[in-house]
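In what follows, a structure is listed as structure tokens, so that the remarks can point back to it.
The values are calculated or read from the model by the stated rules, or taken from the named source; none is laboratory data. Keep in mind that what you see is a predicted model, and the values were worked out from it rather than measured. All Cβ positions, even for glycine, are placed from backbone atoms using ideal geometry, and neighbour counts span all protein chains on display. When the accessible area is computed, the model is the full protein with side chains, heavy atoms only, and any ligands, DNA or RNA have been set aside. Shrake-Rupley method; radii C 1.70, N 1.55, O 1.52, S 1.80 Å.
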Amino acid sequence: MTQKYRLATGGLIDRRVTVPFTFDGKAMTGHAGDTLASALLANGVHLVGRSFKYHRPRGIVSAGAEEPNALVGVGRDEGHYTPNLRATQVELYHGLRAESQNRTPSLERDVGSITDRLWRFFPAGFYYKTFMWPKGAWTKFFEPRIRAIAGLGRSPAAPDAARYAQIYAHCDVLVIGAGPAGLSAALAAAETGARVILCDEQPQFGGALLAEPGQSAWLAEQRARLAGFANITMLPRTIAFGYFPHNMIGLAQDLTDHQGETSDDAPRGRLWQVRAKQVITATGAIERPLVFPDNDRPGIMLADAARTYVERYAVKPGNRAVVFTAHDDAYRAAVSLHEAGVTIAAIVDLRESPEGPCLDAARAAGLPIRTHATIIGTEGNLRVAAVSVATIGAANAERIACDLVLMSGGFTPSVHLFSQSRGKLAFDPALDAFIPGTPAEPTIAAGAASGCQSLEAAIASGRAAGLSATGQAVAAPVAETVAAGFLGEVPHGRDPASVRAFVDFQNDVTAKDITLALAEGFRSIEHVKRYTTTGMATDQGKTSNMNALGIVSKSLGVPIPSIGTTTFRMPYTPIPFGYFAGYARGDLFEPVRETPIHAWAAEQGAVFEDVSLWKRARYFPRGAETMHEAVARECAAVRAGVGLFDASTLGKIEITGPDAAEFLNRMYVNAWTKLKPGRLRYGILLREDGFIIDDGVVGRIADDRFHVTTTTGGAARVLNMMEDYLQTEFTDLKVWLTSTTEQYAVIAVQGPRAREVIAPLVEDADISAAAMPHMSVVECRVAGVPARLFRVSFTGELGFEINVPADYGRAVWEAIDQAGQTHGIVPYGTETMHVLRAEKGYIIVGQETDGTATPDDVGLTWAIGKAKPDFVGKRALARTALASQTDRKQLVGLLTADPAEVLEEGAHLVADPAQPIPMTMLGHVTSSYWSAALNRSIALAMVRNGRARIGETLHVPLPGRSVAVTLTDPVFYDPEGARLDG
Amino acid sequence: MLVISCPYCGDRPEIEFSYGGEAHVVRAPASVTDEEWTAFLYQRSNARGSYAERWRHAHGCGRFFNARRNTVTDFFEQTYKIGEAPA
Amino acid sequence: MADIAIAPARRTAPLPGAVDRRIEKSAPLTRFVLRLPEESITAAGAALGLDFTAPINRAVTAGYRMALRLGPDEWLVLAPAADAAIPGALGAGLADRLFSLVDVSHRQTGIRLAGPHAGAMINALCPLDLGSAAFPVGMATRTIFAKADIVLWRTGIAEFHLEIWRSFAPYVVSLLHEIGREYPD
């Protein structure tokens, strides 16, 4: 096509640059400065989509963010495809590929439009009323089919290939909207030296003035002044989509989207999280459609949008127009179009006797005006072809042929962001609209967003806002007379049941739907909204909410302020998810924590598992070993010889100060006062409710210094809990806490030959059994490095845990591995660690316990310091409700009748597998492994009154069968503990 | 994201802080009945409006402190150090 | 005692490999978390030659020693790895006064980020106001960078020192490198 609707002169487009693009595969051209919508109109294309519910043909209604109809999918391939973009906001770029949505097979011939002919079956809330029979047919038959027909665009079929940037920013004044009010506000604020951010969704600043050629000199002057301020950050192509608490505003800045994301190296867009001392919303106003029968045909558009297409984009939106209005502003549009060569067939004004300069100008141009008149219907299939015009109340109508209808019901201030900020809206009866009232945040509305209608008033209110936001005196506002327009369904004299006058174009809600909801008893506007879905589409009712309110108001005879309005929520316009994900994708989604020994383990072919944010070596397969084979070999090596294990992820806390022991007395269940320096103790930490939250070995390094270990996942939680008690409860204690988790690499050497392996590497300490018994600690040197050497075991074997400064972890590990070669040392992973500890009945907090286990439940009563007056959880354990319970779940061992059967962790235990469902559940399996040492399966379980049931047989019900298990003591291996003393 | 005024560091963004539940809940394990201890463990006033609560500047100075926040508006009335009386 | 010769151990830094050109890994440092009750501040200052009366969230330097006041009673003391005198000096200077000193030399690692866009790169994922009025040279504080806890110290108009726990360091540096792709210099 040849842009046959492009005007020869005027507009802000660059005719020297021709921009090719395709729409539904059809090649067209536009010019630099076009939006997709203006370029389509230049090519005579109005039909751009099919509606959500009825699949009615729809055209471009607006020229901005409020567009309800012209939703398109854009992108050169699936990785760059974005659905549901408003064609009125998509800047045209070379090679842009756009497609229409919600049509099969084509826009012109859409099989889904069958729903339009069946529209009487789809009234408001139809899914509550019809398609209810036969039972079950809704979910199985009707709903899937209706859902397939209804809808917006499709999801892209490939992951988003674009990059997204993010930034936090701070400013004194954030001005949202760079129209006349926003420009004036930003300049007034910047003059004081304040840090100002000025953002606007358009590629150029100017707002509504971009469509006012007569104001281009003023606009150029303001832009030049802006450029002179280094303290103004200017953000064009940036949508303020969300107003969050304490004046944090979310902005989505288009960086390369408008160029078609030519390089994946440059981010597509940037999310700004701006914290502003003051916010000025200069977001303009949105023109309201008029609600008349069949007001949704392609070619029917807002009057101001049509004028914008003429003045800014130099596009003639049609050849012969009828203008339908209740507001003077549409007369300006009529004159603009007339001067651009569009025949104005009629101006139809709902008002009885409108007067004013706009009308005078139209009369001067010789345009035919019919007052006190209305449009009672339209014709045309894929484009409007004619309208029927009648005097209000009269029966006979005049048919006027046209290919374009302009409509204007007046203007609604854009209060979305103000409303999001939880400011109270006020109803302005002169405007028939809500305007910002009492703010909840430091925020000021300016310009048309605050109800101004004249340019002078907008500029003055913007300047006042800028001065006020920076604490300066403000002049009195410019007085002006504003005009309201029309709300609700226009009078048309036709049977309301047989016409469809659309209120919400995007969700296909008609005036009849709303009156039906009222007839069915809905009164709250929030209920009417949910029942009819008016205002619930992706445009949040930008063009429809006030008309819906008008219909409710007139039907119920209740003034609009008494009905109230619905709540606007973020985002103002839809924002791609990528903006929110930002950099947090792939490997950067979250920290991947690796120990100092990780690289060694990776080189050995270890298989890793995730433990909180850590990567831990799970097992070290040799050759083609399976996990089962590798773990069996590693277990056997530790039991018979010696194994090497990376325990670096254990949480570590250094507790220092003269009251350190007393602090531990109050935190842990154990008694610490008598623990001598150089000795270790297994500590149990409860929450205040008496349930186990963590455990770990604690070493006393000196009278006033303890080395506390926690579980891997509990490290941060435990330190926070300790700080809480120290800072807020036990404030009498002189104690300090420092996380040392990452200060040390921790190398566990476990097995009967552990001492032989490390002895040659130890300096400055005697580690003989006599000098260094089980549960002791010594500061020494290992492999030439200062170390805290713990003699401790989580395997039941003779064992050591060597804490060395992390940078030395790998070197010490390798030295031990080297020294252990003659002893057959093997590295082992977390899976083997789990098996070995389960063989010994050692619990893992979070596996045997689930936040509801007391020390007694898991057989650890022995650890409690009974003489202590207080420790966290002590009082709760003494509560009668807890202490008197007789059927609490207790830790036991399980042996399956078939030694080869390894139970599923989490499986339930019952007494009678033949009991009908629901069965009486007595407990559950917490740990289950194959034990190489015992050559059979073992399991740990929490079972009601379990210790008294030892010896009994219970059953694990499984699909189609059950497994008999015998309850045993939880210690399966070396119950005397003799091996620890090796 | 809220702005929270740490009594030590001044205004800082909410994500540096961790929440610590209701403030001024007295822990007195030695002298309470079972019912009182149960209330200490599980019952909070959950006030609509002005609410005394604890925060920790976890990713800052590390200090716990008390605050009064209006749970309807989300605005803070004041923050004050542990052991200090509210203004 | 050991009966074999023990070779000097090798250090393995937590940040192997190349990083962004604007990021410089700091040399190994001696690091201590120092906690001082009010009554010990003056004596500790005298012992180490550092001004511990400087306000919270400020760094002070004296010669090659640096102290970042991260909390009302908490300092991160940094010095070259060769400086082994800190525990002894404090022990002698605070003989009868309370203090807590914990070695965290290996717990974290340092990087220096410099360049005209250093502040913007940090602000990509750190929510603090890094304007020169709100965050002047010499300011140092714990804060958040994406999902990592960091210590951020402004050492110059366009120069920052970051202290990061070692297992979080590759994450932070990779993010900075990714962010740096947007900035030409």
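Quick notes
- Taking 0.36 nm per residue of sequence separation and removing the Cα-Cα distance, the A:THR391/A:ALA361 pair yields an extension gain of 8.5 nm.
- Cα-based Kirkwood hydrodynamic radius, the stretch C:29-103, one decimal, Å: 11.9 Å
- Length gained on full extension, A:THR18 to A:ALA878: 301.3 nm, using 0.36 nm per residue less the C-alpha separation.
- Solvent-free Debye scattering, log10 I(q)/I(0), computed from the Cα coordinates of the stretch A:195-274 at q = 0.12, 0.15 Å⁻¹: -0.44, -0.66
- Protein heavy-atom surface of chain A, 1.4 angstrom probe: 55% of the accessible area is carbon and sulfur, with nucleic acids and ligands not counted.
- Here's the picture: charge each Lys and Arg Cβ at +1 and each Asp and Glu Cβ at -1 in the protein assembly as shown, and of C:ALA84, A:GLY714, A:ILE551 the one pushed furthest to the positive end of that dipole is A:ILE551.
- Placing a label point 7 Å from the Cα of A:LEU934 along the Cα-to-Cβ direction, the residues of the stretch A:826-843 whose backbone N falls under 13 Å from that point are A:835-842.
- Cβ-based charge dipole, chain A, positive-most Cα from A:LEU516, A:ILE376, A:PRO180: A:ILE376
- Taking the Cα centre of the stretch A:646-824 as reference, the dipole from Cβ charges on Lys and Arg (+1) and Asp and Glu (-1) amounts to some 420 debye.
- Counting only other chain Cβ atoms within 10 Å of each residue's Cβ, the peptide C:92-104 averages 4.
- Available extension along the chain between A:ALA224 and A:ASN720 is 173.1 nm, counting 0.36 nm per residue and deducting the alpha carbon span.
- When A and B come together, around 2300 square angstrom of accessible surface is lost from both chains combined, probe 1.4 Å.
- For chain B, the solvent-accessible area with a 1.4 angstrom probe is 48 square angstrom per residue.
- Base-10 log of normalised Debye intensity for the stretch A:487-569 (one unit scatterer per alpha-carbon) at q = 0.13 Å⁻¹: -0.34
- Take A:833-845, A:99-111 and order them by the average number of nearby Cβ atoms within 10 Å per residue, most first; the result is A:833-845, A:99-111.
- Using alpha-carbon coordinates, inclination of helix A:809-820 to the longest axis of chain A, degrees: 40 degrees
- Heavy-atom accessible area per residue - chain A, 1.4 Å, Å²: 37 Å²
- Approximate spin-label separation A:HIS372-B:ARG44, in nm, with each point projected 7 Å along Cα-to-Cβ: 6.6 nm
- Kirkwood Rh in Å, taken over all unlike Cα pairs in chain C: 17.6 Å
- Peptides A:710-721, C:143-154 ordered by packing proxy, namely the average of other Cβ atoms within 10 Å per residue, highest first: C:143-154, A:710-721.
- Student exercise, the stretch A:358-477 dipole from Lys, Arg, Asp, Glu Cβ charges, in Debye to nearest 20: 100 debye
- Calculated FRET efficiency for the pair A:THR822/A:SER768, C-beta based, R₀ 22 Å, to 0.05: 0.65
- Chain pair A, C: total accessible area buried, heavy atoms, 1.4 Å probe, Å²: 4200 Å²
- Inter-chain Cβ neighbour average for residues B:3-10, partner chain, 10 Å: 3
- Calculated FRET value between C:ARG181 and C:ALA13, using beta carbons and R₀ = 22 Å, to 0.05: 0.35
- Peptide ranges C:29-41, B:29-41 listed from the most packed, as the mean C-beta count within 10 angstrom indicates: C:29-41, B:29-41
- Its Cα centre serving as origin, chain A has a Cβ charge dipole (Lys and Arg +1, Asp and Glu -1) of approximately 1820 debye.
- Neighbouring Cβ atoms from other chains, within 10 Å of the Cβ of residues in A:802-810, number 5 on average.
- List of the stretch C:29-73 residues, accessible area with partners at least 30 Å² below that of the chain alone (1.4 Å probe): C:ARG35, C:ILE56, C:ASN57, C:PRO72
- Spin-label model distance (nm) - A:ARG888 vs A:SER106, 7 Å beyond Cα toward Cβ: 7.6 nm
- Checking every one of the trypsin sites (Lys or Arg not before Pro) in the stretch A:367-425 against DSSP loop status and a limit of 12 other Cβ atoms within 10 Å picks out A:LYS424.
- Efficiency of FRET from Cβ geometry, C:LEU98 and A:ARG687, R₀ 30 Å, rounded to 0.05: 0.50
- Ignoring lysines fewer than eight residues from A:LYS889 along the same chain, the ones with Cα atoms less than 24 angstrom from its Cα are A:LYS840, A:LYS866, A:LYS874.
- Solvent-accessible area lost on pairing C with B (1.4 Å probe, both sides summed) amounts to about 1000 Å².
- In percent, rounded to a whole number, the relative contact order of chain A is 9, using alpha-carbon pairs under 8 Å and six or more apart.
- Pairs of alpha carbons in the protein assembly as shown whose separation is greater than 59 Å (percent): 31 percent
- Across the stretch A:646-824, Cα-Cα pairs farther apart than 21 Å form 48% of the total.
- Inter-site label distance for A:GLU352 and B:HIS24 at 7 Å from Cα along Cβ, in nm: 6.4 nm
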